[in-house]
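Participant: Input: one structure, supplied below.
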Amino acid sequence: MSFKIGKWEISPQSGVAGRHEIGHKLVERHTGRKVYQKMVRAVISNPAANSNAVETLTIEGLAPFLTLNTSQTEIAYNVTSAVINGVSNAEKVRVSSSGKEVILVTNTGYTVSGNEGTFSNGFGEQAEGPISLKVQFATNSTTESVTIPVMVEFYDGSSWQTAGTHNIIQSSSDADVTFNVTPSVLNDFEGAGGSQTVSVTSNIAYSIEVQGDVETNWLTLSRSTGTALTEELVITASAQAVGASAREVSVKFKSAVTGSVIGTLSVKQAAGEDFSISWESSTMTFTNDDLNTIKQNVLTANESWYLEEPV
């Protein structure tokens, strides 16, 4: 029988007197930048001086890194902020642009000084984590779309390294376009999923699409185009998997003539149900009269499981 400790599986878990080869298998990748360590104790029942022995298992940390989830974001001309998502195990990050001036502003998980952000204490030390960088800029008052190239860098402990460039494409301004979505802010979908309906008013024909950093097929729309009318749009979110993280995508409305973004709608969904496991009866009581009698207890779990004796 094997047992799991940290990121390793060790087998066998027990044995008789003698010399035994004990297998240690790493079953989970270590993504933190610092050493990962666990200790394993082997014990014999005789309380002698050498009745236990301890081994230490370690994995060297990864070099700091930052990976962007997507290479671009499309926004309307009057939207003045965008979020750049990714994963990282670095301690610091900074942004810059060779186009419009961009400003890194406070968002979840980091503090800001100028265009440099420092992640929360401990972030990335033992595991990579999701990052969500928010940048601000001016509206686009021109008749041409504007591309704002945002270079993202991370600190590797001694110098700054380039993670890549994320292009924010800001649509052209068109004073003749009237476009409104009501309500303009959706309620967050529950993990179980569901549907919400918005009313879209436009004076031009438009297309609708879902954009996101990763998978977007969990969100479906009742239609993909619209006309110069007021029409309803039904937005439906599928149920989250057990233990799945919260997720977010954007619904983009684009001019059928120019292809520029004329409206956006953020759609968020809460995390999936937590992992859980429980016994129907917390205590099983036996007497000597129960010798060779099988008693049943009910175990309920929403994920695969195994049994072991606690240390």
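No value in this document is a laboratory result; all are computed from the given coordinates. Because the structure is a prediction, the values reported are computed rather than measured. Counting neighbours? That spans all protein chains shown, and the Cβs are built from the backbone with ideal geometry, glycine included.
Participant: For labels at ASN217 and THR165 in the simple 7 Å Cα→Cβ model, what's the distance in nm?
Facilitator: Placing both labels 7 Å beyond Cα along the Cβ direction yields 3.2 nm.
Participant: Please report how many Lys pairs in the chain have alpha carbons closer than 18 angstrom, counting only residues at least 8 apart along the chain or sitting on separate chains.
Facilitator: 11
Participant: What's the extension gain from LEU291 to VAL27 if we count 0.36 nm per residue and subtract their Cα-Cα distance?
Facilitator: Stretched fully, the LEU291-VAL27 segment lengthens by 91.0 nm.
Participant: Among the GluC sites (Glu not before Pro) within segment 144-196, which fall in a DSSP loop and have no more than 15 other Cβ atoms within 10 Å of their own Cβ?
Facilitator: GLU144, GLU190
Participant: Oh, and also: Add +1 for every Lys or Arg and -1 for every Asp or Glu among the other residues with Cβ under 13 Å from the Cβ of THR162, and state the total.
Facilitator: Summing Lys and Arg as +1 and Asp and Glu as -1 gives -1.
Participant: What longest range of the chain stays clear of loop-exposed chymotrypsin sites (Phe, Trp or Tyr not before Pro) (DSSP non-H/G/I/E/B, at most 14 other C-beta within 10 angstrom)?
Facilitator: That gives 1-274 as the longest site-free run.
Participant: Does segment 9-77 come out rounded, prolate or oblate, given a ≥ b ≥ c as the square roots of the eigenvalues of its C-alpha gyration tensor, rounded meaning a/c under 1.5 and, failing that, prolate meaning a/b above b/c?
Facilitator: Prolate, because a/c is 1.5 or more and a/b exceeds b/c.
Participant: As a footprinting exposure proxy, order SER245, SER81 by other Cβ within 10 Å, with the fewest listed first.
Facilitator: If I rank by nearby Cβ atoms, fewest first, I get SER245, SER81.
Participant: About the Cα centre of the chain, what is the dipole size in debye to 20, counting +1 per Lys and Arg Cβ and -1 per Asp and Glu Cβ, all else neutral?
Facilitator: 560
Participant: Another question, if that's okay. Counting other beta carbons within 10 Å of each residue's own, what order do LEU68, LEU57, LEU291 fall into, fewest first?
Facilitator: By the 10 Å Cβ count, ascending, the order reads LEU291, LEU57, LEU68.
Participant: Another question, then. Between the alpha-carbon centers of segment 34-84 and segment 250-300, tell me the distance in whole angstrom.
Facilitator: 24
Participant: For SER96 and THR201, FRET efficiency with R0 = 41 Å and r from the beta-carbon atoms, rounded to 0.05?
Facilitator: E between THR201 and SER96, to the nearest 0.05, is 0.60.
Participant: Follow-up. Starting from the 7 Å offset along Cα-to-Cβ, what nm value, one decimal, do you get for the label separation of ALA270 and THR139?
Facilitator: Each label point is offset 7 Å from its Cα along the Cβ direction, giving 3.6 nm.
Participant: Starting from the Cα-Cα distance between SER282 and SER45, subtract it from 0.36 nm times their residue separation and give me the gain in nm to one decimal.
Facilitator: 82.5 nm
Participant: May I pose another question? Residue by residue through segment 54-62, which ³J(HN,Hα) values in whole Hz follow from phi under the Karplus form 6.51 cos²θ - 1.76 cosθ + 1.60 (θ = phi - 60°), with glycine and proline marked x?
Facilitator: Using θ = phi - 60°, the values come out as 10, 10, 10, 9, 9, 10, 5, x, 7 Hz.
Participant: Checking the a/c ratio against 1.5 first, then a/b against b/c, what shape does the Cα gyration tensor give for the chain?
Facilitator: Oblate shape, in that a/c is at least 1.5 and b/c is the bigger or equal ratio.
Participant: Taking R0 as 35 Å, what's the FRET efficiency between ASN302 and GLN37 from their Cβ-Cβ distance, rounded to 0.05?
Facilitator: Efficiency, rounded to the nearest 0.05: 0.70.
Participant: Using the Kirkwood radius built from alpha carbon pairs, what does the Stokes-Einstein equation give as D for segment 63-173 at 4 °C and 1.567 mPa s, in µm² per second?
Facilitator: The estimated diffusion coefficient comes to 91 µm²/s.
Participant: Between GLU232 and GLU190, how many nm apart are label points set 7 Å from Cα along the C-beta direction?
Facilitator: About 2.1 nm, to one decimal.
Participant: Go through VAL185, ILE75, SER98 and say which Cα lies farthest out towards the positive end of the charge dipole of the chain; charges sit on Cβ, +1 for Lys and Arg, -1 for Asp and Glu.
Facilitator: SER98
Participant: I've got another one for you. In the chain, with Lys and Arg counted as +1 and Asp and Glu as -1 at Cβ, which of these residues, VAL251, GLY61, GLY129, has the Cα nearest the positive end of the dipole, that is, farthest along it?
Facilitator: The one lying farthest along the dipole's positive direction is GLY61.
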